[in-house]
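Remarks on the structure that follows.
The values are calculated or read from the model by the stated rules, or taken from the named source; none is laboratory data. Fair warning: this is a prediction, and the values are worked out from it, not measured in the lab. Here the Cβ is made from the backbone with ideal geometry for all residues, glycine too, and neighbour counts use every protein chain on show. These accessible areas exclude ligands, DNA and RNA; they are computed on the full protein's heavy atoms, side chains included. Shrake-Rupley method; radii C 1.70, N 1.55, O 1.52, S 1.80 Å.
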Amino acid sequence: MSVQDLLNIVVKAADDKKAEDIVVLNLQGLSFVADYFVICHGNTDKQVQAIVREIDEKVSEAGFEVKNREGLTDARWVLVDLGDIIVHVFHRDERYYYNLEKLWGDAPVVDLESGLAQ
């Protein structure tokens, strides 16, 4: 399976748990940390945790490894490290405070319908 396949699994899992405002940033050539950031949020701590657990489950079922996960207990900003993809699941309030989309403003946004950068 490819990174694109993994990206699709992550986005679908987040969407299945009603994650809001899912954004994928293409960091290829901009960062050595990862090729993509997936950023989304939930409206409650429990929803944030449910989104992360769904991502973990679907990624594992597809044979990919979750390399690291941080922040699940507090559920304010959970980071899921999948290697080439870093998933940021925020609580709504924290997302707008940290505003990763602005911080990485040079990164093209991936069109989730076609999988191509805008």
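Evaluation of residue 53 against the conditions (1) open to solvent by 70 Å² or more (accessible area, probe 1.4 Å); (2) closer than 17 Å to residue 112 by Cα; (3) of a type outside the set (Asp, Glu); (4) modelled with pLDDT of 95 or more shows that the sole unmet condition is (2). Considering the conditions (1) among the β-branched types (Val, Ile, Thr); (2) in contact with a His (Cβ under 9 Å, 6 or more places away or on another chain); (3) in a helix (DSSP H, G or I), residue 38 is excluded by exactly one of them, (3). Restricting attention to the range 22-44, which residues are at pLDDT 95 or above and loosely packed, with under 14 Cβ neighbours inside 10 Å? Within the range 22-44, 43, 44 qualify. With respect to the conditions (1) more than 25 Å from residue 5 (Cβ to Cβ); (2) open to solvent by less than 60 Å² (accessible area, probe 1.4 Å); (3) not hydrophobic (A, V, I, L, M, F, W, C), residue 88 lacks only one, and its number is (1). Taking the range 10-20 as the range and being surrounded by fewer than 19 Cβ atoms within 10 Å (Cβ to Cβ) and either part of a helix (DSSP H, G or I) or at pLDDT below 95 (or both) as the test, the residues that pass are 12, 15, 16.
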